[in-house]
């Protein structure tokens, strides 16, 4: 019963997304452009090299389609949350029969999934045209898709935390910039972390940022049962941890809240 | 009888007033100002790490571009973008101003419409981009009067071209309805492409990068002139940049003739 209301929020958010055609086209066009830039860059770098840090050109480009699809599908739920905190409308949500944090995560995920599916299909077509098929793609697809969804969920839960920080900070956008860039660099969004020096790989590999991008993408390009298990354990652990932090923050924030009038 | 002030001087004075006003308005929230400036500078720094380790891993250069060359492009893009949103922070909102009918307010004021519209807002985080651009340039490029002069000149040209590209595509709203997403994309693409070594692109895309998305005009040609000064190429790029600015101003003016009032009652304080 409890899960049903969040599933309904998830469903409504998914349907909402289908209405906004211009932003849908812009996002997908941007994805094509970014993939073209990456293709041009890596074509120049791979000239004369069969592999770099264990990655072939085929694996590299496919890897980037997955990490970019994860990044571009992220709805910025921290914006409406921080707005509600700043203008006080959050007070109206307090007496509603749902968890505020779970409401926004469900809503964000509903939008994200509608965004990520076309991006993955587009990535499939683009990579196929640019570098050819990825060996083992279809074998990895079912569980790989689950890890992509969990990767997006890590990002969404982090965003809920950033939104709630508006209770303590005037401006939360810089927190988003920093988290996003950590995913870009430490998380392996732009290049697989295997390309980094050993010491940085050791730091980056088990961070939540890597579980949001690097791990799900490598489940596809470097499939193995051990990799799947590590990815799933890491992702579930970080989602649980960030969910808990968001719940604790929300509870602390509500104590700070003063509701005047009605 | 007093001489009528020249139009160009008038525009500069108007921009000066807006700059002072917007800056003092933003400084009223000091905490937010500082967090945004530092946040943006830190945000941009992430890309240094990416390029640094990429070049370290592959060793050497990527089609004639080494780490410092890419950092020049980054410094230039950050300076040009930062200056654009600090001085002309309303550019991303042109479409919204047109379709919401808010343009009426600007039309009624005794100032040239386009500069008045563009300069009436400042995006604070642009200061972080400017600081980042200056620091990155100081840290990675040769320190000489000529290099600084060229860098600052190319930054101003980048500011003008980026503002012009956004204005040009936003002006399509006058003709075809809301072009906001489209204009946003054009601006983002110009920056995205200029941040990569230009030599990795070839064929038809290169024509696009010299025209519809003029990344070559603001990035690839300036770095060639910066590395080896060529007065002819310099003159060509300045003229090409000015042509983009003229095209944007022309299309906006043409669009303005088609604009129909939204009968909106509003006041700008």
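Taken together, the values in this text are just the output of simple stated rules run on the coordinates, not laboratory data. Owing to the predicted nature of the structure, the values given are computational and were not obtained by experimental measurement. Note that we place each Cβ from the backbone using ideal geometry, even for glycine, and neighbour counts take in every protein chain shown.
Structural remarks
- Fewest-first ranking of A:215, A:176, A:168, using other Cβ atoms within 10 Å as the exposure measure: A:168, A:176, A:215
- Contact order, relative form, for the range A:2-255: 26 percent (alpha carbon pairs under 8 Å, 6 or more residues apart, mean separation divided by residue count).
- Among the residues of B:124-133, the average count of other protein chain beta-carbon atoms within 10 Å of the residue beta-carbon is 1.
- For B:178-186, mean number of other protein chain Cβ atoms within 10 Å: 3
- The mean sequence separation of alpha-carbon pairs under 8 Å and at least six residues apart, normalised by the residue count of chain B, gives a relative contact order of 25 percent.
- GNM flexibility winner over chain B from B:213, B:221, B:130 (Cα, springs under 10 Å): B:221
- Three-way shape label, the range A:2-255, alpha-carbon gyration tensor, a/c 1.5: prolate
- Selected from A:13, A:212, A:252 as most flexible by GNM, with chain A as the system and alpha-carbon contacts under 10 Å: A:252
- When peptides B:51-59, B:119-127 are ranked by their average number of other Cβ atoms within 10 Å per residue, the highest-first order is B:119-127, B:51-59.
- One Cα centroid belongs to the range B:1-74, the other to the range B:140-212; the line between them spans 14 Å.
- Compared with the alpha-carbon gap, the fully stretched path from residue B:135 to residue B:254 is longer by 38.8 nm at 0.36 nm per residue.
- Convex hull volume of the C-alpha atoms in the range B:130-269, normalised per residue: 149 Å³.
- Over the range B:71-191 - Rg/Rh using Cα atoms and the Kirkwood inverse-distance radius: 1.05
- In chain B, the DSSP-assigned H stretches of four residues or longer account for a calculated mean residue ellipticity at 222 nm of -23000 deg cm²/dmol, using -39500 (n - 2.57) per stretch and the full residue count as denominator.
- Shape of the range B:98-157, Cα gyration tensor, a/c cut at 1.5: prolate
- Per the Kirkwood formula applied to alpha carbons, the range A:138-203 shows a radius of gyration over Rh ratio, Rg over Rh, of 1.08.
- Averaged over the residues of A:166-173, the number of partner chain Cβ atoms lying within 10 Å of the residue Cβ comes to 4.
- Cα gyration tensor category, rounded, prolate or oblate, for the protein assembly as shown with a/c compared to 1.5: oblate
- Dividing the helix sum by the residues of chain A, where each DSSP H run of 4 or more adds -39500 (n - 2.57), gives a mean residue ellipticity at 222 nm of -25500 deg cm²/dmol.
- The range B:29-258: radius of gyration over Cα atoms, expressed as a fraction of 2.2 N^0.38 Å: 1.05
- Relative exposure of A:36, B:154, judged by other C-beta atoms within 10 Å (fewest first): A:36, B:154
- Separation of the residue B:233 and residue A:49 label points, Cα + 7 Å toward Cβ, nm: 2.7
- Selected from B:169, B:220, B:106 as most flexible by GNM, with chain B as the system and alpha-carbon contacts under 10 Å: B:106
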